[in-house]
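Here the structure comes first, spelled out in structure tokens, and everything after it is commentary.
Please treat every number below as a calculation from the coordinates, not as lab data. This one's a predicted model, so the numbers in the text were calculated from it and none came from an experiment. Reconstructed Cβ throughout: ideal geometry from the backbone, glycine too, with neighbour counts over all protein chains shown.
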Amino acid sequence: MPTRILIPTPLRVYADKQDVVEAEGATVGELLANMTARYSDLRKHLYNDEGKLRSFVAIYVNDDDIRFLDREATPVKDGDTVSIIPSVAGGVRS
């Protein structure tokens, strides 16, 4: 069964304007590889030139940040939801 991947608003343009896509895989890394194979423009926004996830992109499986689990080796199972959360920066000092 495919796993749901939630696409944040700024990246939807690279995923055919979809807010949710489905991908197959046993781990987060496999899911992201399958998703970026289908939506190749997403790859440069998620990965650096060395093929590592960008530091300003957080990936969650359900409510758990994969940086505190097994990173891209984090397993996924039927019914899990993977969320891509880009960091937000900026603002005005008062």
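Listed here are the strands (runs of 3 or more DSSP E) enclosed by the chain that have at least 1 residues being touching a Phe, Trp or Tyr at 6+ places or on another chain (Cβ under 8 Å), among the β-branched types (Val, Ile, Thr) and without any contact (Cβ under 8 Å) to a residue 24 or more places away in the chain: 20-23. Of 25, 29, all but one fail to be over 14 Å from residue 84 (Cα atoms) and among the small types (Gly, Ala, Ser); the exception is 25. The set of residues in segment 4-38 being at negative phi and of a type in the set (Asp, Glu) consists of 19, 22, 24, 30. Note on segment 18-66: residues that are touching a Lys or Arg at 6+ places or on another chain (Cβ under 8 Å), surrounded by fewer than 17 Cβ atoms within 10 Å (Cβ to Cβ) and of a type in the set (A, V, I, L, M) total 2. Scanning segment 66-94 for residues being farther than 23 Å from residue 18 by Cβ and of a type in the set (Asp, Glu) gives a total of 1. Within segment 1-11, the set of residues being within 12 Å of the chain's Cα centre (by Cα) and under 20 Å from residue 80 (Cα atoms) comprises 3, 4, 5, 6, 7, 8. So for segment 51-60 (the condition being of a type in the set (Lys, Arg) and under 23 Å from residue 22 (Cβ atoms)), does at least one residue qualify? Looking through segment 51-60, at least one residue is of a type in the set (Lys, Arg) and under 23 Å from residue 22 (Cβ atoms).
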